[in-house]
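Before any comments, here is the structure.
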Amino acid sequence: MMRGVNRGQALRSATPSNSLEVFVPQSLHFRPADLSDVTTLFDIRQAAIRQLSLTHLSECEAAAWAERGGITRVERAVAKDEVRVAVLGQQVVGWLHRAANSIEGLYVSPPAARHGVGTALIKLAETHIAQRGHHFVVLESSLNAVGFYLRLGYTPAATQGSSAAVAMRKQVAG
């Protein structure tokens, strides 16, 4: 889907501690999610978990994780917290769920994975979190995404969550 895109812009983190630039196609934009997006976001979550987590999980484990919470989990996130979607052209290709200074979930459609969508969503969230006066972003990374977060400047936290996730954090202000 994003192959062959040669026009775009560099997106720089608004946080002083990270000067990472990521190439973002010009046609990629972000907007708040609304309840009409729930089915699409659920489908992206399902596909991302079932396809992208297989480096660290069996198909059975990935399927069990994908089913946890169901569509009501996505509905609650959109209704209760901040959910931003990444749209390429007219198609939603990724989304991020944030509550206060915590990234609760990041999912990118498998065809759009590894093209800067997830990084752009994280940078957007980091900017919002810093603007709201928080000094740190916290999250629990799935095992397959630890390297992604390490490249973005996150470090493992002193206390760990479950054995299937790694608690991580990054300073964004102060």
Scoring segment 78-174 by relative contact order with C-alpha pairs under 8 Å, at least six apart, yields a percentage of 22
Probe 1.4 Å, all protein chains in place: accessible area of H56 in Å², nearest 10? 100
For S109, tell me the accessible area in Å² from a 1.4 Å probe, rounded to the nearest 10. 20
Applying the gyration tensor rule to the Cα atoms of segment 66-167 (axes a ≥ b ≥ c; rounded if a/c under 1.5, else prolate if a/b exceeds b/c, else oblate), the class is rounded
If you plug each phi of segment 143-149 into the Karplus form 6.51 cos²θ - 1.76 cosθ + 1.60 with θ = phi - 60°, what whole-Hz ³J(HN,Hα) values come out, in order, with x for Gly and Pro? 4, 6, 9, 4, x, 4, 5
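I'd like the trypsin sites (Lys or Arg not before Pro) in segment 78-174 restricted to DSSP loop residues with at most 13 other Cβ atoms within 10 Å, sorted by number.
R114, R132
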Under 5 Å, built H, 5+ apart or other chain: amide partners of F136: V172
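Once you keep just the Cα pairs under 8 angstrom separated by 6 or more residues, what percentage relative contact order results for segment 19-122?
34
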Per residue accessible area in Å² of segment 62-134, where ligands, DNA and RNA are left out and the probe is 1.4 Å: 41
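The values are calculated or read from the model by the stated rules, or taken from the named source; none is laboratory data. Quick caveat: nothing in here was measured; it's all calculated off a predicted structure. Ideal geometry is used to build each Cβ from the backbone, glycine not excepted, and the neighbour counts take in all protein chains shown. Calculation scope for accessible area: heavy atoms of the full protein, side chains included, ligands and nucleic acids excluded. Shrake-Rupley method; radii C 1.70, N 1.55, O 1.52, S 1.80 Å.
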